[in-house]
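Here's the structure we're looking at; comments come further down.
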Amino acid sequence: MIVLGDVEKNKIIRAYIEKANETLGVIGYTEHGKRHSHIVARDARKILKELGREEKFCELAAISGYLHDIGNVISRESHAQIGAIMAHIVLTQMGMDIDDVAEVITAIGNHHEEDGLPVSDVTAALILADKADVHRSRVRNPKFIKFDIHDRVNYSTESSVLKVERKDRIISLDISIDTSISSVMEYFEIFLSRMTVSRKSADFLGCRFELIINGSKMI
């Protein structure tokens, strides 16, 4: 079976992730490179593992997390669907079992909140892991936080921790925000759609989604 380590070593994939991140930087987006890929891979795996899912699907969730943004190398628009096609080509060339490829590309193609839905356990885990990565380290130029709400909200976030409570069937995102930089209201203003799809994803996994900001439960 192809595992995350094999994917991380692939030169083609590394080149796509690095170029995609570079391209998004040019148009002013937050970091979408190896850091983001590793964190999403880690948390997608953790979600399914903590919920007791089969190891195979935990690994496929990690691979999906690592690859989910490669479509940005071609275009930000429809990057999820573009990335799914790219992942199909590369993973097939690597010799991945076609059923495993299908799981991965389904997740990648459905991970974006504007046009995706949690249609499988792997997809749901990827969505939750992706939307949970909010942090000041993703902001490329702190000088712009006065002018860009996305940068401001990310820069205000001092910590973000995704937690899975298997016994109580709760998946929570616990974040700490410096409200002198951005208000809680601004967080909801730009991330409401992300929190909505996160709730749907937790529901798909048989759990309840909770959002905790500065120690207070918001959802």
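The values are calculated or read from the model by the stated rules, or taken from the named source; none is laboratory data. Not measured: the values here are computed from a predicted model. Neighbour counts are summed over all protein chains in view; Cβ atoms, including those assigned to glycine, are modelled from backbone coordinates with ideal geometry. Just the protein is used for accessible areas: all its heavy atoms, side chains included, with ligands, DNA and RNA removed. Shrake-Rupley method; radii C 1.70, N 1.55, O 1.52, S 1.80 Å.
Things worth noting here:
- Each residue, SER216 and ASP99, gets one label point 7 Å from its Cα in the Cβ direction; the gap between the two is 4.9 nm.
- Positive minus negative residues near GLU31 (Lys, Arg vs Asp, Glu; Cβ under 12 Å): 0
- For the chain, DSSP calls about 60 percent of its internal beta bridges antiparallel.
- Cut-off 13 Å between beta-carbons: net charge of the residues surrounding LEU211, Lys and Arg +1, Asp and Glu -1: +4
- Take the Cβ atoms of LYS143 and PHE188, set R0 to 35 Å, and the FRET efficiency comes out at 0.90.
- Anisotropy class of region 71-177 from Cα gyration tensor, a/c 1.5 cut: oblate
- Choice from ARG136, ARG194, ARG35 with maximal GNM fluctuation in the chain (Cα, 10 Å cutoff): ARG35
- The distance from the alpha carbon centre of region 54-133 to that of region 168-198 is 23 Å, rounded to a whole number.
- Projecting the Cα atoms of ALA84, VAL3, ALA124 onto the charge dipole of region 1-131 (Cβ charges, centred on the Cα centre) puts VAL3 farthest toward the positive pole.
- Accessible area per residue for region 81-139, computed on protein heavy atoms with a 1.4 Å probe, is 36 Å².
- Here the sum of -39500 (n - 2.57) over DSSP H runs of 4 or more residues, divided by the residues of the chain, equals -17500 deg cm²/dmol at 222 nm, to the nearest 500.
- Prolate/oblate/rounded label for region 1-52 (Cα gyration tensor, a/c 1.5): oblate
- Residue among SER201, VAL104, LEU173 farthest towards the positive dipole end of the chain, charges placed on Cβ: LEU173
- Relative to the Cα centre, the charge distribution of the chain, modelled as +1 at Lys and Arg Cβ and -1 at Asp and Glu Cβ, gives a dipole magnitude of about 500 debye.
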